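The values are calculated or read from the model by the stated rules, or taken from the named source; none is laboratory data. Just so you know, these numbers come straight off a predicted model, no measurement behind them. Note: ideal-geometry Cβ built from the backbone for every residue, glycine included; neighbour counts use all protein chains shown.
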Amino acid sequence: MEAATATRETRSMLVNIGPSHPAMHGVIRLVTELEGETVIRTEAEIGYLHRAFEKSCENSTWTQAIPYPDRLNYVSPLINNFGYCAAVEKLLGIETTERCKYIRVLMSEISRITDHLTCIGASAMEVGAMTAFLYFIKAREFLYEIVEEVTGARLTISYRRIGGVKADLPEGFAQKLETALLKVEKELYEVDKLLTRNRIFVDRMRDVGVLTREDALGYSITGPMARASGIDYDVRKAFPYFVYDRTEFDVPLGERGDNYDRYLVRMEEMRQSIRIIRQAMRDMPGGPINVDSSGKVVESFELVDQAKMGKTSGLVNIVTTVEPTLDGSQRPFHDRVMPDEKRVVLPPKEDTYGNIEGLMNHFKLIMDSHGIRPPKGDTYFAVEGANGELGFYIVSDGKDRPYRVRVRPPCFFAMAGLHKMLEGYMVPDIVPTFGSINMIAGELDR
Amino acid sequence: MATAPSEGPGFFTSKLERVIGWARKYSIFQYPFVTACCGMEYMATAASHYDVDRFGAGLPRFSPRQADVLFVVGTISHKIAPVLYRVYEQMCEPKWVVAFGVCTCTGGFYDNYATVQGIDTIIPVDVYIPGCPPRPEAVLDGLMKLQAKIENQKQLL
């Protein structure tokens with residue numbers, strides 16, 4: 001009798017989720033305390049992908065550090081790449097050319113779309129909608145082809161140079177871009193039809209993983225997550241950089257801050273990004289092109305041979321064909337996307353091969369312990385990354401290597417506030433919530 | 001002169017081995033150990049555009065017990081290395097390992113205190129796919145090399 005009336009003691013259970021778990025894209029470990037199937041406490045352990053980003057940057061020259069930011073948020077590498085270089089430019093006080101700014105905006109927005117496509121596709125797959133994943137990866141493939149066309153690589157692009165970009169846009173780019181955008185819009189429409197009013201999807205996402213406005217502010221969460229919670233903050237609007245102040249776009253806002261709102265915000269941001277891309281393509285100026293060339297096309301090896309024989313007088317004005325990886329770096333294109341800054345920008349290949357000033361300029365920038373030397377000081381530059389404010393705090397001591405490169409990764413703050421979105425919900429809710437945060441281990445652990 | 005059964009594989013066992021090798025190479029159940037950037041290209045390869053299912057490897061299993069090829073995709077830091085080793089140990093024989101991306105092959109350009117300089121310092125590797133990250137075509141090439149290896153090796157019966 002006594003045993004039956006005594007209150008039964010319930011014990012909570014500790015469950016480790018990750019670091020190798022199908023729903024944890026990226027490596028993170030969640031130590032979850034469960035009571036029945038309800039999550040009562042959760043803690044995120046990070047650091048599984050610490051790759052010493054900051055130390056690597058400090059040990060390389062300003063230019064050599066460019067590939068490292070690519071691999072911070074590897075779903076949208078172009079934005080990171082631009083963020084780092086723009087911070088260095090701010091330190092140097094360089095103004096880039098108009099055309100270059102438009103190219104940056106264009107490429108950033110393409111990257112934002114690929115990021116959101118991956119995020120929504122993966123999180124839809126995790127709640128069972130495999131079709132949406134396949135459609136979105138297909139759409140991402142169209143954009144990767146465009147990115148490859150411009151930068152030469154699909155994913156880790158290193159397209160940006162300090163002062164400009166690697167090369168001008170290729171021939172017939174506008175047409176290819178428009179074709180790809182139309183295809184992407186079609187996929188967006190299809191997935192919108194599949195998911196947005198899908199009963200199963202809405203049931204899994206609606207009112208799950210709610211992040212209140214206060215919590216989002218308290219944990220300084222930015223990006224689509226904060227906007228889904230109703231915070232009207234977008235670096236592109238608040239502190240316009242490149243040419244975002246001249247482009248028209250809306251910042252979508254959510255109301256409830258749940259998974260479904262985050263999904264809707266991302267979907268709308270993709271449409272806005274397409275809008276920005278179209279505007280950038282329309283408004284992009286041609287910029288200066290040297291027209292004094294004789295129109296004769298010379299192969300670059302021929303150029304070198306002529307220079308060896310001393311026939312250099314006419315080389316400056318010659319249009320060269322260079323090897324495909326350098327396509328778009330010839331003088332006419334070079335001047336469009338690179339500012340006239342000898343202390344930072346490599347000369348066009350005609351000058352490097354053709355005259356001694358160009359050659360010296362080239363080697364002064366390439367040689368060890370010469371290179372780019374920003375003045376002493378520090379600067380902070382933030383861009384709107386796909387997950388939020390992505391800031392670079394850079395300290396220079398006047399040498400050819402950065403003294404310090406510090407990143408403000410948007411994911412880090414989201415992970416700090418993760419428990420607010422998981423506690424009180426059920427175990428299966430962890431998966432869609434975590435998917436909608438779009439945690440990227442590369443920028444989280446650096 | 002006929003070969004005595006104890007001297008080598010007879011007609012029947014060698015044919016059986018070939019049949020098993022042929023079957024095994026088209027039923028690869030992979031465990032994607034995805035950590036970093038290469039995961040994006042892994043996704044691209046696995047999805048419909050490049051369609052890894054054409055090679056009989058279209059069904060990733062996220063339990064090491066059900067998988068027979070371990071795809072190590074992305075940088076392995078010293079913190080995740082014990083986890084990788086444990087996953088490898090949990091897999092049943094016969095098992096193969098693919099090092100996907102240059103970080104897993106050699107450490108890549110992360111030559112620093114945090115990164116394991118090639119996963120072959122921890123577990124044996126069958127196929128290396130270099131690239132940062134490798135293109136899907138390179139991944140498919142690596143997969144075909146693995147298939148050739150699976151087909152031609154001595155099968156554990």
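The residues listed here are A:VAL105, A:VAL75, A:VAL88; of these, the one that is assigned to a helix (DSSP H, G or I), in contact with a helix residue (DSSP H, G or I) (Cβ under 8 Å, 6 or more places away or on another chain) and not acidic (Asp, Glu) is A:VAL105. Would you mind stating whether A:PRO224 is surrounded by fewer than 18 Cβ atoms within 10 Å (Cβ to Cβ) and within 23 Å of the chain's Cα centre (by Cα)? The answer is no for A:PRO224. Considering each residue of the stretch B:116-138 in turn, at least one proves to be surrounded by fewer than 22 Cβ atoms within 10 Å (Cβ to Cβ), in a strand (DSSP E or B) and not hydrophobic (A, V, I, L, M, F, W, C).
The one condition from (1) of a type in the set (Val, Ile, Thr); (2) closer than 24 Å to B:TYR42 by Cβ; (3) outside the structural domain of A:ARG275 (by TED's automatic domain parsing) that A:THR114 does not meet is (3).
If the condition is being under 30 Å from A:PRO348 (Cα atoms), in contact with a Phe, Trp or Tyr (Cβ under 9 Å, 6 or more places away or on another chain) and not aliphatic (A, V, I, L, M), then the stretch A:163-204 contributes A:LYS166, A:ASP168.
When you check B:VAL83 against the structure, is it free of Cβ contacts under 8 Å to residues at least 24 places away in the same chain, within 14 Å of another protein chain (Cβ to nearest Cβ) and β-branched (Val, Ile, Thr), yes or no? Outline the logic, then answer.
Numbers: free of Cβ contacts under 8 Å to residues at least 24 places away in the same chain: yes; within 14 Å of another protein chain (Cβ to nearest Cβ): yes; β-branched (Val, Ile, Thr): yes.
Here the answer is yes, as B:VAL83 does meet what is asked.
Would it be correct to say that A:ILE394 is hydrophobic (A, V, I, L, M, F, W, C) and closer than 30 Å to A:ASP234 by Cβ?
yes
Check whether at least one residue in the stretch B:78-87 is over 11 Å from the mean Cα position of the chain (by Cα) and surrounded by 21 or more Cβ atoms within 10 Å (Cβ to Cβ), and report yes or no. Yes; the residues of the stretch B:78-87 include at least one that is over 11 Å from the mean Cα position of the chain (by Cα) and surrounded by 21 or more Cβ atoms within 10 Å (Cβ to Cβ). Per the listing B:THR104, B:THR75, the residue uniquely within 11 Å of chain A (Cβ to nearest Cβ), buried (at least 23 other Cβ atoms within 10 Å of the Cβ) and either in a loop (DSSP other than H, G, I, E, B) or among the hydroxyl-bearing types (Ser, Thr, Tyr) (or both) is B:THR75. If you go through the stretch A:88-107 and keep only what is within 14 Å of A:ARG336 (Cβ to Cβ) and among the acidic types (Asp, Glu), you end up with just A:GLU98. Between A:VAL345, A:VAL383, the distinction of being under 26 Å from A:ARG99 (Cα atoms), in the same structural domain as A:VAL165 (by TED's automatic domain parsing) and crowded, with 16+ Cβ neighbours inside 10 Å belongs to A:VAL383 only. Which of the following residues is closer than 30 Å to A:THR131 by Cα, free of Cβ contacts under 8 Å to residues at least 40 places away in the same chain, of a type in the set (A, V, I, L, M) and part of a loop (DSSP other than H, G, I, E, B): A:VAL251, A:VAL208? Going through A:VAL251, A:VAL208 in turn, the sole match is A:VAL251.
Specify the residue that is surrounded by the fewest Cβ atoms within 10 Å (Cβ to Cβ); the eligible residues are those in the stretch B:60-70 that are within 17 Å of B:VAL139 (Cα to Cα) and within 12 Å of chain A (Cβ to nearest Cβ). The residue in question is B:PRO60.
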